[in-house]
Amino acid sequence: MGRGRFLAAVIVGAGLFNASSARADGLSWPDTPSGRAHLLTVVQALEKTLRTHASATVALEGWCASHHMADRPVVVAQKAALPQPDPVPAQVRADLGINATQTVRHRRVRLTCGTHVLSVADNWYVPDLLTSEMNATLEHTDTAFGHVVAPLHFTRERLQLAPLWTPWPGPLSGTASGRVVAPSSIMQQRAVLRDGQGRPFSEVMETYTDQTLDFTPSPDSRQR
């Protein structure tokens, strides 16, 4: 499967487990030029946060905490049932540098913080490069992948970080609700994770949702 077809297949698969459709009443952000301009800086800040963290879990927990989105800003991975059979895309094996027979496991999750679904993620990983305790935790708990494999002191080789939506400039006239309405998917990231020895052990495809923006704007952004 070519790279483009692989990405399309993952996007479709993740869509089956997506957070929600766009909310008709919009986000808390006012649909005004100043409101949209402020929201654009927030979207750019989210991208910077993701670019500067090896672990998306840690990045999202910091984001959730700094914007007071939950009383306990801990990211939990809600696992999805996967289709059977669930073949590993050839592109993933190529990116991980493994042959067609080596075992790869697939985990699809919604990463949540409080009531917010912040991202939908597909994760393929090589269990032979993880400890037995890590594998058991991934199989039997809702612990986020980044927390489980933190002892590997991993780094992130970013293959893609692409915006899927921008609030600016927006439509010529505001929405009926007076609030910015965003699609459920706003940003996508694809990366290979490498352990402390430089070995690639996981590939992730992460789709970030409009719920990353679902917090009360600062007072200056609410001015009309």
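The values are calculated or read from the model by the stated rules, or taken from the named source; none is laboratory data. It should be emphasised that the depicted structure is a prediction, and the values quoted were computed from it without experimental measurement. Here Cβ is always computed from backbone atoms with ideal geometry, including for glycine, and neighbour counts include all displayed protein chains. Remember, those area values only see protein heavy atoms, side chains included, never the ligands or the DNA or RNA. Shrake-Rupley method; radii C 1.70, N 1.55, O 1.52, S 1.80 Å.
Of note:
- Filtered by the rule that a residue be surrounded by fewer than 18 Cβ atoms within 10 Å (Cβ to Cβ) and not in a strand (DSSP E or B), region 94-106 gives Ala94, Gly97, Asn99, Ala100, Thr101, Gln102, Thr103.
- Qualifying residue in region 196-219 (condition: basic (Lys, Arg), touching a strand residue (DSSP E or B) at 6+ places or on another chain (Cβ under 7 Å) and under 23 Å from Arg105 (Cβ atoms)): no
- The residues of region 162-205 that are part of a strand (DSSP E or B), in contact with a Lys or Arg (Cβ under 6 Å, 6 or more places away or on another chain) and either closer than 17 Å to Thr41 by Cα or open to solvent by 10 Å² or more (accessible area, probe 1.4 Å) (or both) amount to a single one, Pro200.
- Residues located in region 113-128, provided they are within 9 Å of the chain's Cα centre (by Cα), over 18 Å from Arg194 (Cα atoms) and either surrounded by fewer than 24 Cβ atoms within 10 Å (Cβ to Cβ) or not polar (S, T, N, Q) (or both): Leu118, Val120
- Count of residues meeting criterion [in a loop (DSSP other than H, G, I, E, B), open to solvent by 40 Å² or more (accessible area, probe 1.4 Å) and at pLDDT below 95] in region 21-52: 6
Matching residues to (1) β-branched (Val, Ile, Thr); (2) out of contact with any Ser or Thr (no Cβ under 9 Å at 6 or more places or on another chain); (3) modelled with pLDDT of 95 or more:
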site	(1), (2), (3)
Thr137	yes, no, yes
Arg179	no, no, no
Pro200	no, yes, yes
Val204	yes, yes, yes
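- For the residues Val75, Val109, Val58, the requirement of being among the β-branched types (Val, Ile, Thr), in contact (Cβ under 8 Å) with a residue 60 or more places away in the chain, open to solvent by less than 40 Å² (accessible area, probe 1.4 Å) and in contact with a helix residue (DSSP H, G or I) (Cβ under 9 Å, 6 or more places away or on another chain) singles out Val75.
- Within region 206-218, tally of residues that are farther than 20 Å from Ala144 by Cβ, part of a loop (DSSP other than H, G, I, E, B) and either modelled with pLDDT of 95 or more or open to solvent by 30 Å² or more (accessible area, probe 1.4 Å) (or both): 2
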